[in-house]
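Everything on this sheet refers to the single structure shown next.
The values are calculated or read from the model by the stated rules, or taken from the named source; none is laboratory data. What you see is a predicted model; the values in this text were computed from it and never measured. Here the Cβ positions follow ideal geometry from the backbone for every residue, glycine too, while neighbour counts run over all protein chains shown. Each accessible area value is taken on the protein alone, full model and side chains, heavy atoms only, with ligands, DNA and RNA left out. Shrake-Rupley method; radii C 1.70, N 1.55, O 1.52, S 1.80 Å.
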Amino acid sequence: MNHRRASVFCLFAVLAFNSVNGAPSLQCTADITAYQLGLLSSTPWALKMLDSSSKLPPDGLLQGSFLFQFGNFDECLSVNGPVNSDNKPRFTGKYCRAQLGFTIRDDADARSRLVFAQMKLAHDKITKGISYKDSNGFINAVSPQSGLIPNVAIPAQWAVCAPSSCNVEGVKQVADFNLKQFFSVLNLAIDTTVIENSCHYEDDGKQDLDTGSWAFIIIFLVLTIIMAYATICDYFWPKGQDLHIAVQSFSLRTNLRNLFTLPKSVAPGQLACLHGIRVVSTWWIILLHCYMINAYLPHINAVMAFDKYLHEWSMAPIYSGALGVDTFFFLSGLLTVYVVLLDKKKGRSFNVFKYILFRYLRITLPLAMVVFYLSTLHRRMGATPMWDLFIETQTQRCSNYWWVTLLYFTNFYKPIETTCVGQAWYLMVDMQLAVLAPIVIYPLLIWPKIGLGLIGVLTLGSMAVSFGLTYVYSLPWTLSFTVVQESTGNFYDLIYNNPGARAVPYLCGMALAYVLANKITFKLPKWGVVLEWILNSAGCLAIIYTILIIYDRNFVYDNLDAAFYSALHRLGWSVGLSWVVWACVNGYGGPVNSILSWKYFLPLSKLSFCAYLVHMDLMYYHVALIRTNTYFSNFEIVFEFLGNLIMMIPLTFWLYLAVDAPCQSIIRAAFGKPNRFVAPIVKGDQNNNDQEEKDEKVKENNHEAEPVEEKKAEELEEIKSS
């Protein structure tokens, strides 16, 4: 009886081999046969291979959990096949994901058709909201190699554990063999396509360090040693003698003192509120990214999560999180013009070449370090079921197109293929707007009225671009968690990454800079201030919560509605921000100014650029390590958000202390700009320090001292988080 079963089993295997194109190697064929025979005899290693592969039915079948099945990654890699003559395993387990689609067979019974219909309903609910990623983008269609019809089949990705001796064709045979045993029960037909980049096995060489990885490690160690050397020199350097700028710039003693030195008070007219706005907006965007990344993960409660959370009113701040990016465009435009206008009052001329070069070097050097890491060592830092989705694809882009990122035109040159640092799209747009800013800056310096008029015309033009593109291509109202089926264009290329469509807050910030630099103000009665704060708050909240319209269950898309929202909401938000900043600067901020100008926001504000550079890839690394379907809830994501803020600390500090702060100091020295190193307080010099503080207060009272933001204007030109 056992011989008969083995013969039938082998015959089935041979038929399966003949049914595929491109036969695997003889070694692979023999190993697959050994696996199939091992299952008949209940051999432990063969059972582990089957057990670590995806099987039907998974838990939560009607919740859409079947769309992405991980299997058991670590169990698969621990498989050791039958030993050879050297008493060593002939092969180990090879983990791969297979893109598969399945349809109902013509001879299926009523029960099978009902199950298939429920699975199709779960699939449609999820993919109409948020689609799952595959190695090429999203699981929203069956792979081109599949013979199944996309609008009939349900696409998914499942795991398979095969012998490490097998190529893609051999792994496909194992996947087909495993899955047919389960899908035949439900009368479902399947077709699989193995995703080669997803395959891992022990000692496959993917984690071996290459030349680029060693180069990054060496540079990391060199910079760390330089910081230690500079700190020692700074500490023991004789008093009264200046330490060389190149050494002092890397000193931890100096940089940490500059970072954590807090102002004792905030005088009227200072722009201290910008630090709070920047920090709060950074947290807002990081929280948005936590939701966005988690939305692309497979969840055991996917259908319930979309039904429950997608329509809640409390989710409006998350759905409107892209306004945080508009806040940074606003701040960038404000600071760019504010610095130039203050320099003019001090008799300094505006040199467009130095302006662009300074900005480029200031931003690019920290970015280049991140790109260098992502291009080399990042992909060697692990191996998981989704490593190719969140890590390898991105690092491959960095390796091939790092120069596109560092030249700031990723958003115009094959963005899908060249995007390296995901959040760097903001840097592209901001740099492009900064390069174009002199078109407005020169008229503001020479003919202010013409400059302000030009800002108004350009603002209307940017709004017209958003309106026209949204209307013509039926684009979403704004960045959305749902799919607009009517769309005939790419929202990210046409609107989100387009400087012409994103210029409104930048231009509004430039206009406010002129108002603040020229101290244009007027007195308001208390009731007027209260009324203005009420109206402004109501307007900003209306912009945030209006987005809930598109998440209503009965929402019907209309391109005219979308065009109006797309064109107007950024202007409304920028006007609201303008009032907040103007009121805080001119003494009408009240408790809002007290919160935003809290002195402890200052060091966090200085770290925001480095936090922006590292936060997204840290989050990708975290989700890439996931080995099972997750549970979606607000608590889980907020918990993860707080964990990300903590885990970002060492990465942010190293990048700031080793690259960002030293580069700021050296570049400022090269451009003839003063470096404001905070001197240590020596016990014998306390009286002198007290006298200096008194003299400084006298200057402030006589309006002779420069405002804090004027002193630090160049430092505040850093790019805000995305």
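Per residue, the average separation of C-alpha pairs within less than 8 Å and at least 6 apart gives region 579-683 a relative contact order of 27 percent. Once the 1.4 Å probe is applied to the protein heavy atoms, region 257-395 comes out at 32 Å² accessible per residue. Residues in region 475-561 average 50 Å² of solvent-accessible surface per residue, probe 1.4 Å, ligands and nucleic acids excluded.
Ordering PHE68, SER54, ASN80 by the projection of their Cα atoms onto the charge dipole of region 46-97, which places +1 on the Cβ of Lys and Arg and -1 on the Cβ of Asp and Glu, puts ASN80 at the extreme positive end. Legend: P(r) of region 269-405 from all alpha carbon pair distances, 10 Å bins from 0, whole percents, reading 9, 22, 30, 24, 11, 3, 0. Taking amide hydrogens as placed 1.01 Å from N in the peptide plane, the amide H of LYS94 sits under 5 Å from those of ALA162, SER164, each at least 5 positions away in sequence or on another chain. Using Cα-only point scatterers and the Debye equation, what is log10 of I(q)/I(0) for region 181-254 at each q in 0.22 Å⁻¹, rounded to two decimals? Debye output, listed in q order: -0.98. Dipole magnitude for region 534-679: about 660 debye, using +1 per Lys or Arg Cβ and -1 per Asp or Glu Cβ, origin at the Cα centre. A Förster radius of 35 Å, combined with the Cβ-Cβ distance separating VAL530 from LEU262, puts the computed FRET efficiency at roughly 0.70. Its convex hull of Cα atoms gives region 380-513 a direction-averaged projected area, equal to a quarter of the hull surface, of 10.4 nm². Within the accessible surface of region 185-226, defined with a 1.4 Å probe on protein heavy atoms only, the carbon and sulfur portion equals 62 percent. Residues in region 164-171 carry Karplus couplings, in order, of 5, 6, 8, 8, 4, 5, x, 4 Hz; the curve used is 6.51 cos²θ - 1.76 cosθ + 1.60 with θ = phi - 60°, and Gly or Pro positions show x. Once backbone amide H atoms are built at 1.01 Å from N, HIS299 has THR630 as its partners under 5 Å, excluding neighbours fewer than 5 places away on the same chain. Distance between the modelled labels on VAL435 and MET381, one decimal in nanometres: 3.0 nm (7 Å Cα→Cβ projection).
Here the spin labels are modelled as points 7 Å beyond Cα on the Cα-Cβ line, and at ALA669 and TRP403 they lie 3.2 nm apart. Run the simple label-point estimate for LEU361 and ARG113 please: 7 Å along Cα→C-beta, distance reported in nm. The modelled label-to-label distance comes out at 7.4 nm. Rounded to the nearest Hz, the phi-derived 3J(HN,Hα) couplings of region 372-383 under the Karplus curve 6.51 cos²θ - 1.76 cosθ + 1.60 (θ = phi - 60°) are 4, 5, 5, 7, 10, 6, 4, 5, 8, 8, x, 7, where x marks glycine and proline.
Structure shown: which of LYS346/LYS449; LYS94/LYS308; LYS344/LYS449 lie over 27 Å apart, alpha-carbon to alpha-carbon? Over 27 Å apart, Cα to Cα: LYS94/LYS308. Across the cross-link table entries LYS264/LYS345; LYS55/LYS172; LYS206/LYS414, which are compared at the Cα atoms, the separations over 19 Å belong to LYS264/LYS345; LYS206/LYS414. Across region 328-417, the relative contact order, built from alpha-carbon pairs under 8 Å that are at least six residues apart, equals 22 percent. The H on the amide N of ASP191, modeled in the peptide plane, is under 5 Å from the matching H of GLY101, each at least 5 residues off or on a different chain.
Relative to one another, the C-alpha centroids of region 378-420 and region 287-335 are positioned 23 Å apart. Maximal additional length on extending the THR628-LEU645 stretch stands at 3.8 nm, based on 0.36 nm per residue less the C-alpha distance.
Relative to one another, the C-alpha centroids of region 196-261 and region 456-535 are positioned 40 Å apart.
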